[in-house]
Amino acid sequence: MKSAAVFVILISISVAACRKRPEKPEETATKGSLVVFVAQSYEDFIRQEANAYVRSYTDVSISVSGTSTREAIVHLLNDSVQCICVDRPLNDEERQVAAKAELIVAENKIGEGALALIVHESNPMEFIGFQDIKDILTGSKKSWTALKESRWAGDMNLVLTGRNSGTYEILLNHFFKIQSPLTVTTTLETEKEVVEYTRTHPQALGIVSIAAVRNVAGKTKVLAVESANVMDELFVRPTQLNIYRALYPLHYSLYLYTSGSSRGVGAGFSTFVRSMQGQKIVQDAGFVPVVIPNRIIQINTE
């Protein structure tokens, strides 16, 4: 009887094994789910992009999560997330990690951003030299009186986000090629906190993305920076036009990285962000789109 029972169990297992297992639904650009990790400064506009994409394709779900630039890249290279938006390109070491892991990553430039230098509204300073910024970051100049453009006294309080933020890394490695850590007086977690701190501390000099100061009313002002083309204007502010014309020196590119299927939601979302509709959202957020949205106007000649 025992052998008969064992035989029946084996038959049952064999039959179950022969049954066709349900296949996992194939993901396409317009059907499936996606998690996007984004540097905190760009979380709002990427969420707008995601909402617009989901409205167009109702079988898609996209979750957007804010983090630091470094952490977003780490998650991408660990293959724990398939889409990130950051404010710097992958460096050589990170590209080597991806190649070693045989991780195929698609890189798309989606816009141009810029860093803004902000001070308290009571600070009479209006513009700053490019070399002065480097001297402040390296600690060579620590007081307001050390700046020839300044009419402000006292010690300077340099306010910045931490070492894992894109702002910190861009300043350190991209604009100024500084070999030692930046001389930061006050380190805060988010750029929103940097703006709020600068609004309430007259000695503060904050450095944030232009997204962080967009629609901020009162108590802070944005400094004009020595132009990258002094034949045009000596000092310029980080307006979209000055960024587009490459006159403002502290401008950089925004990147959307995706991994996985070239036909999945990540690839579809990336294509959407670079479309005219997606680039309009980039423009409305205060950045410079890589594809300039246009409007066709019919003129009646009759």
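The values are calculated or read from the model by the stated rules, or taken from the named source; none is laboratory data. For clarity, every value in this text was computed on a predicted model and none was experimentally measured. Using ideal geometry, Cβ is built from the backbone for each residue, glycine included, and neighbour counts are taken over all protein chains shown. Ligands, DNA and RNA are excluded from the accessible area calculation, which covers all protein heavy atoms including side chains. Shrake-Rupley method; radii C 1.70, N 1.55, O 1.52, S 1.80 Å.
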Residue check, Ala72 against (1) of a type outside the set (D, E, K, R); (2) out of contact with any Ser or Thr (no Cβ under 7 Å at 6 or more places or on another chain); (3) open to solvent by 10 Å² or more (accessible area, probe 1.4 Å), all met but one. Which one? (3)
Give me the residue from the range 13-56 that is modelled with pLDDT under 50 and open to solvent by less than 70 Å² (accessible area, probe 1.4 Å) and, out of that set, nearest to Gln277 (Cα to Cα). Ala16
The residue from Ser209, Ser270, Ser253 that alone is in contact (Cβ under 8 Å) with a residue 24 or more places away in the chain, under 21 Å from Pro289 (Cα atoms), within 15 Å of the chain's Cα centre (by Cα) and surrounded by fewer than 20 Cβ atoms within 10 Å (Cβ to Cβ) is Ser253
Are any of the residues in the range 96-108 open to solvent by 80 Å² or more (accessible area, probe 1.4 Å), among the β-branched types (Val, Ile, Thr) and not in a helix (DSSP H, G or I)? yes
Quick check: anything in the range 126-142 among the β-branched types (Val, Ile, Thr) and open to solvent by 60 Å² or more (accessible area, probe 1.4 Å)? no
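For Ile243, indicate whether it is open to solvent by less than 50 Å² (accessible area, probe 1.4 Å), touching a His at 6+ places or on another chain (Cβ under 6 Å) and more than 20 Å from Val64 (Cα to Cα). First the steps, then the outcome.
Numbers: open to solvent by less than 50 Å² (accessible area, probe 1.4 Å): yes; touching a His at 6+ places or on another chain (Cβ under 6 Å): yes; more than 20 Å from Val64 (Cα to Cα): yes.
Against the criterion (open to solvent by less than 50 Å² (accessible area, probe 1.4 Å), touching a His at 6+ places or on another chain (Cβ under 6 Å) and more than 20 Å from Val64 (Cα to Cα)), Ile243 qualifies.
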Pro238 passes all but one of (1) surrounded by 21 or more Cβ atoms within 10 Å (Cβ to Cβ); (2) part of a helix (DSSP H, G or I); which number fails? (2)
If you go through the range 214-223 one residue at a time, do you hit one that is open to solvent by 10 Å² or more (accessible area, probe 1.4 Å), out of contact with any helix residue (DSSP H, G or I) (no Cβ under 6 Å at 6 or more places or on another chain) and of a type in the set (Ser, Thr, Tyr)? no
Any residue at all in the range 147-156 that is in a strand (DSSP E or B) and open to solvent by less than 30 Å² (accessible area, probe 1.4 Å)? no
